[in-house]
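The values are calculated or read from the model by the stated rules, or taken from the named source; none is laboratory data. Because the structure is predicted, anything quoted here is derived from the model rather than measured. No Cβ is skipped: glycine too gets one built from the backbone with ideal geometry, and neighbour counts run over all protein chains shown. We work out accessible area using only protein heavy atoms, side chains counted, and drop any ligands, DNA or RNA first. Shrake-Rupley method; radii C 1.70, N 1.55, O 1.52, S 1.80 Å.
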Amino acid sequence: MKNICIVAGARPNFVKVAPLIRAIEKAEGAEYELVYTGCENDPTLEASLFDDLQMPRPSVFFGVDSTSLNEITSRVMAHFDAYLDENPADVVIVVDDLASTMAAAIVTKKRGIQLAHLVAGTRSFDMNMPKEVNRLVIDALSHYLFTAGTRSNSVAAREQSDGNNTYMVGNILMDTLRFN
């Protein structure tokens, strides 16, 4: 049985992971746990969000709530490291380019767990943007890069030493739109 941990750091991530969760639930030999790095009482996580997406709420909440990117990073790293002590994973899937996503990616890589990045290869080429730094770090650490289009696929394949693990999966938001 493959244990998959999906890490979401913000409300929009749930729209992107909903199709993944449906696919995992249909697959034999795989189970998942959805982890949210934020607070359980986050007002943006209203019940209708999960009802509309036809997916469960996260089963784990880290409760990290800060405006400081460095504090978010350090707190998520500590929480995720402790989480993995109790909940071993074969693969960790991180979404987008948040500080919390990067934190989970770093912990995953340090533990030698396979890491997958959903929406990899996205670039602004503006190193003054914190999210651009996060994107570069996450993609560099990832075993599997799932991209949204040909441009992102080219960037990810060019930057990754082993381009064999770059997959163009398309815009996953379209999967959610079509489903709903």
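At-a-glance table
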| item | result |
| --- | --- |
| Selected residue [more than 15 Å from Asn3 (Cβ to Cβ), of a type in the set (A, V, I, L, M) and in contact (Cβ under 8 Å) with a residue 60 or more places away in the chain] from Val91, Val95 | Val95 |
| First in region 9-37 and part of a helix (DSSP H, G or I), second anywhere and open to solvent by 40 Å² or more (accessible area, probe 1.4 Å), Cβ under 7 Å, 6 or more apart | Arg11/Thr44; Val15/Leu173; Lys16/Leu173; Pro19/Asp175; Pro19/Phe179; Ile21/Tyr32; Ile24/Tyr32 |
| Close pairs (8 angstrom Cβ cut-off, 6 or more residues apart or separate chains): open to solvent by less than 70 Å² (accessible area, probe 1.4 Å) in region 120-137, small (Gly, Ala, Ser) and part of a loop (DSSP other than H, G, I, E, B) anywhere | Ala120/Ser142; Gly121/Ala148; Thr122/Ala148; Glu132/Ser124 |
| The one condition in (1) over 20 Å from Val133 (Cβ atoms); (2) in contact with a Leu (Cβ under 9 Å, 6 or more places away or on another chain); (3) in a helix (DSSP H, G or I) that Ile72 fails to fulfil | (1) |
| Lys109, sole failed condition from (1) at pLDDT 95 or above; (2) farther than 22 Å from Glu31 by Cβ; (3) more than 13 Å from the chain's Cα centre (by Cα); (4) open to solvent by less than 50 Å² (accessible area, probe 1.4 Å) | (4) |
| Residue that is open to solvent by 40 Å² or more (accessible area, probe 1.4 Å), within 16 Å of the chain's Cα centre (by Cα) and at pLDDT 90 or above, where the choices are Ala140, Ala148 | Ala140 |
| Flag for Val64 being aliphatic (A, V, I, L, M) and outside any helix (DSSP H, G or I) | yes |
| When residues of region 50-69 are limited to those that are open to solvent by 60 Å² or more (accessible area, probe 1.4 Å) and touching a residue at least 24 places away in the same chain (Cβ under 8 Å), the one farthest from Lys110 (Cα to Cα) | Asp52 |
| Only one of Asp126, Asp65, Asp90, Asp97 that is within 14 Å of the chain's Cα centre (by Cα) and charged (D, E, K, R) | Asp97 |
| Residues (under 13 Å from Asp96 (Cα atoms), aliphatic (A, V, I, L, M) and surrounded by fewer than 22 Cβ atoms within 10 Å (Cβ to Cβ)) located in region 1-44 | Ala10, Val15 |
| Selection from region 109-149 of residues that are closer than 21 Å to Lys2 by Cβ and among the basic types (Lys, Arg) | Lys109, Lys110, Arg111 |
| Residues satisfying the stated conditions in region 151-180, i.e. of a type in the set (A, V, I, L, M, F, W, C), open to solvent by 80 Å² or more (accessible area, probe 1.4 Å) and in contact with a Ser or Thr (Cβ under 8 Å, 6 or more places away or on another chain) | Met168 |
| Residue among Ala47, Ala78, Ala116, Ala82 that is buried (at least 21 other Cβ atoms within 10 Å of the Cβ) and either under 17 Å from the mean Cα position of the chain (by Cα) or not acidic (Asp, Glu) (or both) | Ala116 |
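So that you can scan it fast, the table gives a plain yes or no per residue for (1) in contact with a helix residue (DSSP H, G or I) (Cβ under 6 Å, 6 or more places away or on another chain); (2) closer than 19 Å to Ser100 by Cβ; (3) outside any helix (DSSP H, G or I):
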| position | (1), (2), (3) |
| --- | --- |
| Leu136 | no, yes, no |
| Phe146 | no, yes, yes |
| Ser154 | no, no, no |
| Gly170 | no, no, yes |
